[in-house]
Structures are given as structure tokens and as C-alpha cells.
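Okay, so here's the structure we're looking at.
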Amino acid sequence: MKRTHVYLKVDLEVKAGDDPRKLAEELCRRLMQAYGVRAVEVSSLVEKD
């Protein structure tokens, strides 16, 4: 089976007090559960106002 790397950019609105890293990790967990993703990682977080 052929592997494909997919790069996604996700723009989150984070409420005060929420940890963006935890939200990103939860997205990774859900991708792995729902789509059988073999590997997923958070490569960077960029905060913008």
C-alpha cells in the first residue's frame, strides 16, 4: 500500500484558559481513531492575535 503525507493547516479559535497544544493533540488523536492514520504529529503552533 502506498503512503501519502498530507500537510494540513488548521486555524483554531482558542478560548481564554484553553491550551492550544492540548487542542492540537486532541485533533491528532481523533484523526488516528477515525481514519486509521498511521502517524500524526503537531509540528508547530503559531499564535496570532
(message) If you filter the chain for trypsin sites (Lys or Arg not before Pro), then keep DSSP loop positions with at most 12 other Cβ within 10 Å, what is left?
(response) Lys2, Arg3, Lys9, Lys15, Arg38, Lys48
(message) Under a Cβ-only charge scheme (Lys and Arg +1, Asp and Glu -1), can you give me the dipole magnitude of the chain about the Cα centre, in debye to the nearest 20?
(response) 440
(request) Considering the options Pro20, Val46, Gln33, tell which one lies farthest towards the positive end of the dipole of the chain, charges being +1 on Lys and Arg and -1 on Asp and Glu at the Cβ, about the Cα centre. (result) Gln33
(message) Helix-only mean residue ellipticity at 222 nm, the chain, DSSP H runs n ≥ 4 weighted -39,500 (n - 2.57), per residue, nearest 500. What is it?
(response) -11000 deg cm²/dmol
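Just so you know, all these numbers are worked out from the coordinates, no wet-lab data involved. All values derive from a computational prediction rather than experimental measurement. For neighbour counting, all protein chains shown are included, and Cβ atoms are generated from backbone atoms with ideal geometry for every residue, glycine included.
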